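Worksheet: the structure to be examined is printed underneath.
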Amino acid sequence: MASLLESEVDGAALEELPDAELLQWAFSNYGDRAAIGTSLQLTGSVLIDMASRLGLPFRVFILDTLRLHQESYSLIEKFEKRYNIKVERFTPAPRKLEKMLNVHGEYLFFDSKEKQEYCCNIRKVEPNERALESLDAWITGLRRDQSEDRKDIPRVSWMQSKGRSVLKIAPLAHWTEADVKKYIADNDVPYHPLFDQGYDSIGCIICSTPLRPGEPKRAGRWRWFNASDTNKECGIHLDKGEGI
Ligand code: SF4
């Protein structure tokens with residue numbers, strides 16, 4: 001299936017499409033050049049369930065940093081069984097990972113913001129770039145209420161990846177956390193069990209921790225530094241794209 005050209009995508013019309021219709025549009029027009037990328041947040045569960053109800057084949061991928069919680073691997077298996085899909089795993093490049101560990105050790109992310117970003121780059125950003133090479137449309141679970149930095153994200157935008165335009169689609173951008181939880185409860189959707197243990201976002205072991213009462217949503221990430229930084233990002237979504 002040939003993917004749509006930029007000039008063939010009517011961004012304003014897509015912004016207004018109902019959620020499931022936007023997903024359907026993506027898989028109908030991009031086929032296996034479209035995929036849901038999930039880090040196993042609650043919105044990822046919703047997107048997988050919605051996509052499954054469309055009855056179209058759809059791809060799902062995760063960035064397996066090799067430092068995920070055991071519960072994350074169990075949830076992936078649950079998705080695969082429940083929806084009869086194969087979740088694609090993009091892992092760190094072995095040589096780059098080996099070099100990083102040899103020079104800086106396994107726990108370099110404690111040392112400085114720079115080393116945390118280096119680790120995220122090797123374990124997440126570079127594998128994500130590899131995933132994007134197989135895509136023309138990247139479907140994400142980003143929501144505007146997740147952080148100050150995400151409050152204006154468009155549902156549909158163009159981003160650049162290695163000199164190529166990729167359509168980034170956030171069908172649930174306008175959903176609230178309550179909307180997400182209601183969909184999951186109403187439809188008995190599998191979700192990450194750590195959300196029932198105080199976590200507000202799921203990432204790597206050690207680097208993501210439960211929230212304390214009253215803390216901002218991203219405070220559980222890398223909590224040993226940048227305590228006042230409520231926009232903590234690992235680099236994957238730094239290109240927020242312009243609405244089209
Ligand atoms: Fe490394 Fe932590 Fe980033 Fe995971 S979240 S890639 S362990 S710094």
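Rule-based calculations on the coordinates, nothing more; no lab input. Note that the structure is predicted; figures quoted are calculated from it, not measured. Counting neighbours? That spans all protein chains shown, and the Cβs are built from the backbone with ideal geometry, glycine included.
Some points to look at:
- Once the Cα atoms are used to define both axes, helix 177-187 deviates from the longest principal axis of the chain by about 70 degrees.
- At most 15 other Cβ within 10 Å, DSSP loop - trypsin sites (Lys or Arg not before Pro), the stretch 132-178: Lys151, Lys162
- For Lys78, the lysines whose Cα falls under 16 Å of its own Cα, not counting residues fewer than eight places away in the same chain, are Lys86.
- Relative contact order for the chain: 23 percent, from Cα pairs under 8 Å spaced at least 6 residues apart, divided by residue count.
- Sites listed here are chymotrypsin sites (Phe, Trp or Tyr not before Pro) in the stretch 176-227 whose DSSP assignment is loop and whose Cβ has at most 14 other Cβ atoms within 10 Å: Trp224, Phe225.
- Per-selection Rg to Rh, the stretch 81-210 - Cα, Kirkwood hydrodynamic radius: 0.98
- Each distinct pair of alpha carbons in the stretch 140-202 adds a 1/r term; the inverse of their mean, the Kirkwood radius, is 13.4 Å.
- Scalar couplings 3J(HN,Hα) for the stretch 203-220, obtained by applying the Karplus form with A = 6.51, B = -1.76, C = 1.60 to θ = phi - 60°, are x, 7, 4, 6, 6, 10, 9, x, 7, 8, x, x, 6, x, 4, 8, 5, x Hz; x denotes Gly and Pro.
- Under a 5 Å amide H cut-off, with hydrogens placed 1.01 Å from N, Trp158 pairs with Lys168, Glu242 among residues at least 5 apart or on other chains.
- Among the GluC sites (Glu not before Pro) found in the stretch 1-61, not one is both in a DSSP coil and sparsely packed, with 10 or fewer other Cβ atoms within 10 Å of its Cβ.
- Nonlocal amide H pairs with Phe61, under 5 Å, H built at 1.01 Å: Ile36, Gly37, Thr38, Glu88
- Its DSSP H runs of at least 4 residues, each contributing -39,500 (n - 2.57), put the calculated 222 nm mean residue ellipticity of the chain at -10000 deg cm²/dmol, to the nearest 500.
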